[in-house]
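Scroll down for the structure; my scribbles are underneath it.
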Amino acid sequence: MRLLLTALLRFLLRHALQFALFIVILLAGRSLLAEWRAYSAGSETVTALRLAADGAEHHGAGLAEAATLRVNALQKASQTASQAAIAARLEQVQTQLAALRARQQPSLFSLPLPDTNTLALHAQDEAARRVEIEVLAQEARYLSALQAAISGEDARYTLARLHAEHVSAYAALQHNLGQRRELEAQHPVAARLPGSDAYAQLSRLEAEGQRLRDINLQAYRAWAAQRARTNNAARPAPFAIDNAALAGALAPVQAAIATSEAQLARNWIARWRAPVLDVAPTAALLVLSAILLPVAIKAFFYFVLAPLAARLPPLSIARALQAGDASLPLPPQGESRISAVSQALLLQPGQQMLIHPAYLQSSPVSSTKRTQWLLDWRFPFTSLAAGMVALTRLHSDVTASVTISASDDPLLEIAVVHLPAGSALVFQPRGLVGLICDSNQPLAISSHWRLGSLHAWLTLQLRFIVFRGPVTLIVRGCRGVRLERAGQGRAISQSATLGFSTDVLYSTMRSETFLPYLRGQQALLNDRFDGKNGVYLYEETPRHGKQPGKVGSWFEGLTDAILKVFGI
């Protein structure tokens, strides 16, 4: 019953967490979609308004140039012909102004703005309308002044008439403002409540007020222009468009652009878009470098350094060691396998065995066992890194049979390598599980650095550990250990090499094909051994470094590289 309740609770908790996760994902997706739609709409709105403003500016410039040429031509004509042409043109301009003002759309630039296509059409139309009104209004004012000057009207009377028109327009505007204040005082709530009669009446008054403000402004500009043109001259100066007033006609469009840009700036997609686009080329270059740089480095190693190393002379440990001529005993012809699941060794009186406790399967009860903390106190780092610590030391007063086996790993096999006196073997301590040596003689181990060899640098094995006989090495290897003669040249995978005799000429050779090396399926270099009497030792299925570049983790790969540098 308890197991059933536990399983039920786990089932409910797992699906409850999934439900909560789905809610979070859906909400985040909805928020992201809303932000993206707002960003797209805002961007399209700003673009449409900018196109409308630019188009209106070009349209206004064309209208201004045409009006200037037309008015100046009228001014230069004879007085009789000019009066009739000016009157006709003035009537035409006033008719156009009335038509343009009649189709005014006060709420065009209100927010929220309509859809993009509608906004673009209305914005272009409204901007062009405002520019046309301004150009025509300036032309009408000038034509009025010019007509008055030509007809002989006193400039003071014209100025007084324009001033009276301005006063009348201003009075009408003030009356409109008073009506609005009175309506808001009588209906303070209903006047702000959409759908009520007071709200509709206030909206009409506001629209009428906007129209009266435009009329008042036009009347003031007409009076100011007449005063400037007729103050010291009988006829007005040549006509010229007031560019500041023409630009002011587009003020609502510019205000709508500023409002839309302010809303767009609050969108987090818009805030991040520019910085992301700024660094995107650099990021793409870094990604491309991360893809191509390893390929270039591997190509350089494969086609330049590896062939160069192959042409260099091989390493010879024997010359520096000055070892004897004794060679390692080889298995019978055609049989190179020297390992088995277990090995039975005879421990003679006067000998001692240093063995890893995990490999000691059976031993006589009469034998003496002690703990030896390191394989060799002269090489503490090597002993620690190779796992040769806390060893069991056995010795017996009579011949004792000891069975060695890898009890914790069914794939490991044990091999016994006898080094007679005078022989020496370069060996990687990672494959060592124990040894047998004389009790009254120190263990003969030495290390040799090869910092000046390109072979050593390319394989990252700068240090070689040498065991000298007489000693018997107990070696482990995955799926078996083999001992073969180097002869005229043999090559094996670096990760499989366990050791080689010191009379072997050691070098490296490039792997046969580039593509497996590029894909990390094969190492760059293989170990090569030459020497008539030399032998080399390797395991059949290496685990260490089986897949170059795929070591499981960065730290593990770094550790393996450091151990390889020290020959471990």
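The values are calculated or read from the model by the stated rules, or taken from the named source; none is laboratory data. As the structure is a computational prediction, the values presented were derived from the model and not from experiment. Ideal geometry is used to build each Cβ from the backbone, glycine not excepted, and the neighbour counts take in all protein chains shown. For the accessible areas, the whole protein counts, side chains as well, though only heavy atoms, and no ligand, DNA or RNA atoms are used. Shrake-Rupley method; radii C 1.70, N 1.55, O 1.52, S 1.80 Å.
General remarks:
- Checking every one of the trypsin sites (Lys or Arg not before Pro) in region 255-311 against DSSP loop status and a limit of 15 other Cβ atoms within 10 Å picks out ARG266, ARG311.
- Take the Cα of LEU515, step 7 Å toward its Cβ, do the same at ALA390, and the gap between the two points is 4.9 nm.
- Note on the chain: helix-only mean residue ellipticity at 222 nm, from DSSP H runs of 4+ residues weighted -39500 (n - 2.57) and normalised by residue number, equals -18000 deg cm²/dmol.
- Extending 7 Å from the Cα toward the beta-carbon at both SER401 and HIS418 defines two label points whose distance is 1.8 nm.
- You can think of it this way: the chain between GLN186 and SER168 has 3.8 nm of extra reach, that is 0.36 nm per residue less the Cα-Cα gap.
- Region 440-465 residues near the modelled LEU308 label - backbone nitrogen below 16 Å, point 7 Å along Cα→Cβ: 452-460
- Region 277-318 and region 448-485 have their alpha-carbon centroids 27 Å apart.
- HIS187, HIS58, HIS175, ranked by accessible area, largest first (probe 1.4 Å): HIS58, HIS175, HIS187
- Sites LEU33 and GLU261 - FRET efficiency at Förster radius 22 Å, r taken between beta-carbons, to 0.05: 0.50
- Translational diffusion of region 332-381, µm² s⁻¹ [Kirkwood Rh, Cα pairs; Stokes-Einstein; 37 °C; 0.692 mPa s]: 233 µm²/s
- Proximity of backbone amide H atoms, modeled 1.01 Å from N, is registered between LEU250 and no other residue at under 5 Å, excluding neighbours fewer than 5 places apart on the same chain.
- Mean projected area of the Cα convex hull of region 429-499, taken over all directions, amounts to 6.1 nm².
- Theoretical gain in end-to-end length, TRP373 to PHE22 [0.36 nm per residue, Cα-Cα removed]: 120.6 nm
- Ligands, DNA and RNA excluded, the heavy atoms of ASP409 present near 30 Å² of accessible surface to a 1.4 Å solvent probe.
- Size of the chain as Cα extents on the principal axes (Å, biggest first): 147, 73, 38
- Axis angle, to the nearest 10 degrees, between helix 554-565 and the longest C-alpha principal axis of the chain: 40 degrees.
- Equivalent ellipsoid of region 381-463: semi-axes from √(5λ) of the C-alpha gyration tensor, largest first, are 28, 18, 13 Å.
- Shape category assigned to region 202-308 from the gyration tensor of Cα positions, a/c cut at 1.5: oblate
- Whole-number accessible area per residue in Å² for the chain, which is evaluated in the context of all protein chains at 1.4 Å: 56 Å²
- Along each principal axis, Cα extent of region 380-520, largest first, Å: 58, 35, 32
- Accessible surface for ILE297 stands near 80 Å², nearest 10, in the context of the full protein assembly shown (1.4 Å probe).
- Here the accessible area of region 262-319 is 76 percent carbon and sulfur, with a 1.4 angstrom probe and all protein chains present.
- Taking only protein heavy atoms and a 1.4 Å probe, the accessible area of region 410-515 is 55% carbon and sulfur.
- Distance distribution note for region 159-233: the fraction of Cα pairs above 18 angstrom is 51%.
- Shape analysis of region 1-58 places it in the prolate category; the axes a ≥ b ≥ c from the Cα gyration tensor give an a/c of at least 1.5, with a/b above b/c.
- Amide H contacts of VAL471 (H built 1.01 Å from N, under 5 Å, at least 5 apart or other chain): LEU419
- Of the peptides 59-69, 512-522, the ranking by mean beta-carbon count within 10 Å, highest at the top, reads 59-69, 512-522.
- Whether region 378-420 is rounded, prolate or oblate, judged on the alpha carbon gyration tensor where a/c under 1.5 counts as rounded: oblate
- Taking other residues whose beta carbon is less than 11 angstrom from the beta carbon of ALA99, and scoring Lys, Arg as +1 and Asp, Glu as -1, yields +2.
- Here the simple spin-label model places points 7 Å from the Cα toward Cβ, and for ALA245 and LEU13 these points are separated by 8.1 nm.
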